[in-house]
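The values are calculated or read from the model by the stated rules, or taken from the named source; none is laboratory data. On a predicted model such as this, the values are computed, not experimentally measured, just so you know. Quick reminder, even Gly has a Cβ in these numbers, built from the backbone with ideal geometry, and neighbours come from all protein chains shown. For the accessible areas, the whole protein counts, side chains as well, though only heavy atoms, and no ligand, DNA or RNA atoms are used. Shrake-Rupley method; radii C 1.70, N 1.55, O 1.52, S 1.80 Å.
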Amino acid sequence: VQLQASGGGLVQAGGSLRLSCAASARTFSSYTMAWFRQAPGKEREFVAAAISWRRDSTVYADSTKGRFTISRDNAKNAVYLQMNSLKPEDTAVYYCAADLYGSGRSSAADYNYWGHGTQVTVSS
């Protein structure tokens, strides 16, 4: 499975960005898809997940709940992250990840496939 994230950029605090991740998997609908982020000097952090085998089931980190929305389009082999009310502390490289029939866990070790990241910078 190959993943390609895009959509990052520079935005002011309070603004919005939408990240996209395109996947090459033939059975994309079988993969739980997630977003993680990593700020300089920090560990990779779970952001959100869209579970494959539970329709419309999503999981969010406490820090992003209510501001970020993950969605997937199985027909397009894509997953998205709509980020609203962005804060400077959201600044990080954002990665999409995939886990076959995963349960949407927050540990990076549970995801087998990773894309290259996309930089999100939120200015104050």
Scan the range 81-124 residue by residue and report those that are among the acidic types (Asp, Glu) and either within 20 Å of VAL11 (Cα to Cα) or surrounded by fewer than 14 Cβ atoms within 10 Å (Cβ to Cβ) (or both). GLU89, ASP90
Taking the condition open to solvent by less than 20 Å² (accessible area, probe 1.4 Å) and either out of contact with any Gly (no Cβ under 8 Å at 6 or more places or on another chain) or under 18 Å from ASP99 (Cβ atoms) (or both), does ALA13 pass? no
Residue set SER20, SER57; condition out of contact with any helix residue (DSSP H, G or I) (no Cβ under 8 Å at 6 or more places or on another chain), hydroxyl-bearing (Ser, Thr, Tyr), closer than 18 Å to ASN77 by Cα and at pLDDT below 95; output residue SER57
Would you call GLN38 under 14 Å from the mean Cα position of the chain (by Cα), over 15 Å from GLY115 (Cβ atoms) and not charged (D, E, K, R)? no
Could you look through the range 16-35, keep only residues that are open to solvent by 20 Å² or more (accessible area, probe 1.4 Å) and over 17 Å from TYR111 (Cα atoms), and pick out the one that is nearest to the chain's Cα centre (by Cα)? SER20
Reported set for the range 22-44 where residues are under 22 Å from ASP62 (Cβ atoms) and in contact with a Ser or Thr (Cβ under 8 Å, 6 or more places away or on another chain) is THR32, MET33, ALA39
Just name the residue that is most open to solvent (accessible area, probe 1.4 Å) out of those in the range 55-80 that are in contact (Cβ under 8 Å) with a residue 40 or more places away in the chain and farther than 22 Å from SER6 by Cβ. VAL59
